[in-house]
Structures are given as C-alpha cells and as structure tokens.
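Step one of this worksheet: look at the structure below.
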Amino acid sequence: MQILFNNKLWIALLLLFAVLLPYGPAIPNIMMGVVGFYWLLHLVTGRIQLSKKKIVAILVFSSFYLLCAVSYFYSDDIPFYLKKIALLAPLLLFPLFIISMPYKIESKDVFYIGLGFSSSVLLLLFISFIKQFAENGFVTSAFIGNNLSATFIDIHYLSLSLYVSFAALITCYCSLFNFKTFNTKYLKRFTVIASFFLVGFLILLGGRTSIAIFILFLFVFLCIYYLRTKKLLIPLSIFGITLLAIGMVAISNSAFREKWKEIYSYDSVENPEESYWGGTGIRLLIWDCALKVIENDPLLGVGLGDDMDQLELCYKVYMKGQLLATGTYFHAHNMYLQSAVRVGFIGLFLFLAGLGYGLFMALKKRGVLYLIFLGVFILSAITESFYMINAGVIFFAFFNAVLFKQTVSS
C-alpha cells in the first residue's frame, strides 16, 4: 500500500497531467479521470481529512461553478446548459482533488510541474512548425496564428498564446532567479534555450494580449534582476532582443502587422469596408451587447444555458450586422462580462472572490509562481472568455489548485 499511497506518486501524476495538458481536449480529460480515481482511492480508505481551511478554499474556488449549476432552474436551453456545465466541471473537481489530498506540494515540485508544462508546450509548437514546413514550405503566413496552433492539435491560437505566455514566463523566471532549485547545469541551460524559443513562438502566434502581458512581466523581471545584481547589460539585452524579434516579424509578415493595426484602427465600425476594422472594433460591439444583457438580468444573469442566445439576440435587435455576417458564434470576449451575463453580479462576485482569495494568499505567502499565473490569467481575461472552452477551463482549474496548494503549505 505504501507504493500506491505516497507523495512521490501524487507529484508524478500532477507532473504527467501538466505534460499532457496542451494535447487536449480528450487526453487531459482522461488524465483528470485518473487523478480523480486516485483521489477516490484515498477517500474510500479514509486518507482524506478535510480541515476547515481546506473546506473554505474548496468552496471559494468552486462557488462560481455551483452557482452556474443552480442556473439550470432558470435556463431555457437545457442541452446547451448541460454541455457547458460539463465543460466547467474542472472548476469544482480540481480544487476538490488537489486541495484535499493529504500530501504537500513543495516549491521544487511546482517548478518541475511548470517546466514539464513548458517543455510540452514547446514540443507541441515544434511539431506544429515542422508539420507546417513539410506541407507548405517556408511560407511565412503558414506559421502565424491558427495556421500554426491548429496544425497538430486543434487548439485556437489565443488559447495556445495563453499557454505559451505562462510557459515563457516560467522559464524566464527560472533563468533569471531560480537557479538554486536546479542541481544540474543542463537544466539551467534548458530554461534559457526554452525561453528563447517560447518567446519566438509567442510572437508568431500573434496573440496581442498575451504578447503585451509577457512584455509587461518581462520588464518587471528585468527591473528586479537589475535591482538585485546591479547589472544593466543583461536586462537591456534581453528586453532589446525581444522587441527586435517582434519588430522583425512585423516587418516580414503583413498579417502580423494588420492584427496589431486592429488595436487602434476601428474608427468606422458601422462601415468596416471603409477602414481596416477587426478585433478591437468587434469587441467594442460585443461588450456593448454584453452590458445590455446584464442590464436586463443584473443579479443572477440569464443562466448558463442562455448566455449565447441572449447575446445573439442583442446583436440582431440592435442591428450589429458585423457580428452576424460571418455566422460566428460570438461570446463576450471578456471573462468578467461573460460571467455576469451567465450568472449576474452575484456570479461575477463569486468569480472575483476566487481570484481575490488566490491573490491574497499568494501575496501573503510570497508565492511568486502563483502570482505570475494569476497575473497572466486575470489580464488575459480582459479580452477573452476562457471559460467558454475546455482549454481555458482545465488550464486555470489545474494550475490554480496546484499553485494554491503549494503556496499555502509553504
């Protein structure tokens, strides 16, 4: 029994999950079932002991999901509700599985889990890059956005950009500050090399928010590095090389330039054919409709089953033809607005309470990696609704629970 119930096997399962997470949705969901089965073995043998602090943490992190579940009673589109409540299940399961387990997650363990995830993301990107090159040759457009992200695994480039930005920040942090964790020079070199390639792939994917968030965190890292070492050449070189790489991709690829042009060129949203109009203009229209839907049902929202129907209805009623022309099913493109549309201001409060509790514990316990993770997710959520897709839900639920567990036990 000692072979089955021990900390090393538990950490190995978490590491394996992190490695398989980018290759979704089927493989991570199967692996979540394996983690759940291992937790169940601990439960039936009486090894799960729930303290008051653990119960509070599990409830705080899963309360948003529980309210979404209750919205069954005022949702009209039950088939869509059932689909989405199943998709959101990791928000309940991972806090329950990971926080309640009777094992510690050490700082060294969590960095290896993070590096395992980073290595797996990097491998996925290399496979995708090679596959695109084999099929299309060196055509620059083949290595941009969805053309790159969906080559091997069908994952949207914005979701993969979220993964890559977090992975790149893990490797950058380890390269600059966390050498003491690793006892081999090869692993230290790997973090430097991995950082270089991850940043390059992040730029190629072109997720504007993820790139901006990465640059922001990198700037903070380099400022801290300078204050600690008083060495200016290394941080200036790293920051300069990153900006140079972005500039080179922008010069060589028109698609990349046009994506960034969308940020400020949206003045003619009523007549998009008269000016370049895209991501920002679309989001402004969507956010306007999201606010209108929230206005009608401010406390409990429209229900998990009806959020998309109500948004689409708003696009039609207010004649936002640009959002209907392509037949795309537009969600709110903002986690906070989407949460309020679904379950109102009460749901938004519960969602923010979970993030706030995590931030409070990360600051209190100085959980650096947890702070990085929450910062990346909170800022990324401004322009995307990651709870609409399996890749976003399972990424947040897993890493939030793992990093919280490690942080509070440190």
(message) So in the chain, which Cys have no other cysteine's beta-carbon sitting under 4.7 angstrom from theirs?
(response) Cys68, Cys172, Cys174, Cys223
(request) Please work out the C-alpha center-to-center distance from segment 1-51 to segment 196-231 and express it in whole Å. (result) 33 Å
(request) Using the structure shown, list the pairs from Lys83/Lys104; Lys53/Lys185; Lys230/Lys365; Lys185/Lys405; Lys52/Lys108; Lys52/Lys84 with a Cα-Cα distance above 32 Å, or answer none. (result) Lys83/Lys104; Lys53/Lys185
(message) Looking at segment 353-404, I'd like the Rg to Rh ratio, where Rg is from alpha-carbon atoms and Rh is Kirkwood's inverse mean 1/r.
(response) 0.96
(message) One quarter of the convex hull surface, Cα atoms only: what value does that give for segment 104-239 in nm²?
(response) 9.3 nm²
(message) With a 1.4 Å probe and all protein chains left in place, how much of the accessible area of the chain comes from carbon and sulfur atoms, in whole percent?
(response) 69 percent
(request) Assuming a ≥ b ≥ c are the square roots of the Cα gyration tensor eigenvalues, decide whether segment 34-118 counts as rounded (a/c under 1.5), prolate (otherwise, with a/b larger than b/c) or oblate. (result) prolate
(message) Ordering Val317, Val408 by accessible area with a probe of 1.4 Å, largest first, what comes out?
(response) Val317, Val408
(message) Using a Debye calculation, one point per C-alpha and no hydration shell, please list log10 I(q)/I(0) for segment 152-224 at q = 0.22 Å⁻¹ in order.
(response) -0.93
(request) Just need the relative contact order of the chain here, percent rounded to a whole number, with Cα pairs under 8 Å and 6+ apart. (result) 21 percent
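The values are calculated or read from the model by the stated rules, or taken from the named source; none is laboratory data. What you see is a predicted model, and the numbers here were worked out from it, not measured in a lab. Methodologically, a virtual Cβ is constructed for each residue, glycine included, from the backbone with ideal geometry; neighbour enumeration extends over all protein chains shown. Areas reflect the complete protein model, heavy atoms only, side chains present, ligands, DNA and RNA absent. Shrake-Rupley method; radii C 1.70, N 1.55, O 1.52, S 1.80 Å.
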